[in-house]
Amino acid sequence: MAPASPRSHQRLIIFGEFYLDLVFYDLPDLPRLGEEVKTRRFAELPGGGLATTALVAARLGTPTAAVTRVGQDARLSPAWQKLAKSRVSVEACEFSSLFPTARTVCASYDGDRMMITHDAINENLHKLLDLPLVRKQLRTAKHLHLACALWPARTWLSVIRRLRAEGLTVSADIGWNPEMFRSSELPRLLGELDFAFPNEVEVRAMTQEQNIEAALKKLARWVRVPIIKLGRAGSMAIQNGKVMRAKSIRVRSVDATGAGDAFNGGFLHGYLAGWKLADCLRAGNLCGALATTAAGGSSVIPTPQQLKRLMNAALR
């Protein structure tokens, strides 16, 4: 797979939503309405696709910047400090005095998770892309990854077209967004992307196809290179009409929160390094699997050397 178009720096910008994640994991059961379940395992972490994807890519050695909007309440939060003190540049982020930082409560159980979110601060997030400091960063970037809902679709369609015209390659992970999945604008919007990263549940909702390979082939009519994350089963993609599958590794999973975002960070690191698609999938699988071995998607991230050793071992 060819690397991104030449620019002065190999640089990745992650744009999207930042959350303060309150993660409850190792639950003995799921509570029903009117009930309570207790667990000794809890963590407050940087959440959302933006933070996890950026932290993973930066840890692996890709120069990475994050662009998001947070409230003033985030400044002293351990979750924000983890991102701000990492190798990820956050200098173009906006601090709002009008809204609190977005928050998500995550309940992780039996290898999966459910979430409740408050994120009024993320309305009209696309306007950040016109700020002078953000425009400056975009001029030195090779690739822009959008970790947000891309709604309304028509607005984002014009935004992405403009960014592509400026020479950026663009990918997106829109997450679970039923309104977007039902939109007639979805195929046109996805058609502007170099990569899309839905998981198995999301791609079935997007395409209305229950067979996963049929869903992948339908997605390939819209996206240049569609990627489907299959959790413990790894991932699959289509390139030049050829279906590719990559297996994951076996780990003891304790929390699936953010695993898909960790996959994205590993994949994009490989893409910007000029790796073949199969190796990008393997890198994503490994980062996603390791992310599930602790709370939150960014608690366990391999070093470049560890990733290389794991990838070599997976090929044996």
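The values are calculated or read from the model by the stated rules, or taken from the named source; none is laboratory data. Note that the coordinates shown come from a computational prediction; the quantities given were computed from them, not determined experimentally. Neighbour counts run over all protein chains shown; Cβ positions are idealised from the backbone, glycine included.
For the stretch 87-133, residues that are touching a helix residue (DSSP H, G or I) at 6+ places or on another chain (Cβ under 7 Å), over 15 Å from Y19 (Cα atoms) and not in a loop (DSSP other than H, G, I, E, B) total 3.
If you check W176, W156 for being on the phi < 0 side of the Ramachandran plot and at pLDDT below 95, only one passes: W176.
Every residue, every condition in (1) surrounded by fewer than 17 Cβ atoms within 10 Å (Cβ to Cβ); (2) over 21 Å from H269 (Cβ atoms); (3) modelled with pLDDT of 95 or more, yes or no:
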residue: V56; (1), (2), (3): no, no, yes
residue: A66; (1), (2), (3): no, no, yes
residue: L83; (1), (2), (3): no, no, no
residue: R87; (1), (2), (3): yes, no, no
residue: A107; (1), (2), (3): no, yes, no
residue: R113; (1), (2), (3): no, yes, no
residue: H118; (1), (2), (3): yes, yes, no
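Please verify whether the stretch 244-255 includes one or more residues that are modelled with pLDDT of 95 or more and within 17 Å of G111 (Cβ to Cβ). For the stretch 244-255, residues modelled with pLDDT of 95 or more and within 17 Å of G111 (Cβ to Cβ): absent.
For (1) among the hydrophobic types (A, V, I, L, M, F, W, C); (2) under 14 Å from the mean Cα position of the chain (by Cα); (3) more than 16 Å from A314 (Cα to Cα), each residue gets a yes or a no:
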site	(1), (2), (3)
N240	no, no, yes
V251	yes, no, no
A256	yes, yes, yes
G266	no, yes, no
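So that you can scan it fast, the table gives a plain yes or no per residue for (1) closer than 22 Å to G258 by Cα; (2) touching a His at 6+ places or on another chain (Cβ under 7 Å); (3) among the acidic types (D, E):
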site	(1), (2), (3)
A153	no, no, no
W156	no, yes, no
A165	no, no, no
G175	yes, no, no
F195	yes, no, no
P198	yes, no, no
K217	no, no, no
P226	yes, no, no
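Considering (1) closer than 16 Å to A291 by Cα; (2) out of contact with any strand residue (DSSP E or B) (no Cβ under 9 Å at 6 or more places or on another chain), the lone condition that E35 does not fulfil carries the number (1). Within the stretch 242-266, the set of residues being of a type in the set (D, E, K, R), assigned to a loop (DSSP other than H, G, I, E, B) and surrounded by fewer than 23 Cβ atoms within 10 Å (Cβ to Cβ) comprises K247, R250, R252. Examine the stretch 81-104 for a residue that is touching a Pro at 6+ places or on another chain (Cβ under 9 Å), over 15 Å from S299 (Cβ atoms), aromatic (F, W, Y) and touching a residue at least 12 places away in the same chain (Cβ under 8 Å), and state whether such a residue exists. Within the stretch 81-104, not a single residue is touching a Pro at 6+ places or on another chain (Cβ under 9 Å), over 15 Å from S299 (Cβ atoms), aromatic (F, W, Y) and touching a residue at least 12 places away in the same chain (Cβ under 8 Å).
For the stretch 186-205, give me each residue that is charged (D, E, K, R) and either modelled with pLDDT under 95 or in a helix (DSSP H, G or I) (or both). Residues satisfying the conditions are R188, E200, E202, R204.
Within the stretch 142-180, the set of residues being closer than 13 Å to H126 by Cβ and of a type in the set (D, E, K, R) comprises R154, R161, R162. Just to be sure, is G274 under 22 Å from L60 (Cβ atoms) and touching a Ser or Thr at 6+ places or on another chain (Cβ under 6 Å)? It is false that G274 is under 22 Å from L60 (Cβ atoms) and touching a Ser or Thr at 6+ places or on another chain (Cβ under 6 Å). When the stretch 39-81 is limited to residues that are more than 17 Å from the chain's Cα centre (by Cα) and charged (D, E, K, R), the one that is nearest to V105 (Cα to Cα) turns out to be E44. Within the stretch 47-66, the set of residues being in contact with a Leu (Cβ under 8 Å, 6 or more places away or on another chain), assigned to a helix (DSSP H, G or I) and of a type outside the set (A, V, I, L, M, F, W, C) comprises T53 only. The residues on offer are L125, L150, L98, L138, and the sole one that is crowded, with 19+ Cβ neighbours inside 10 Å and in contact with a Gly (Cβ under 9 Å, 6 or more places away or on another chain) is L125. Within the stretch 169-189, being in contact with a strand residue (DSSP E or B) (Cβ under 6 Å, 6 or more places away or on another chain) and either surrounded by fewer than 23 Cβ atoms within 10 Å (Cβ to Cβ) or among the β-branched types (V, I, T) (or both) holds for T169, V170. For the stretch 253-271, the criterion of being out of contact with any helix residue (DSSP H, G or I) (no Cβ under 9 Å at 6 or more places or on another chain) and not β-branched (V, I, T) is satisfied by no residue at all. Per this entry, L20 is counted among residues that are among the aliphatic types (A, V, I, L, M) and not in a helix (DSSP H, G or I).
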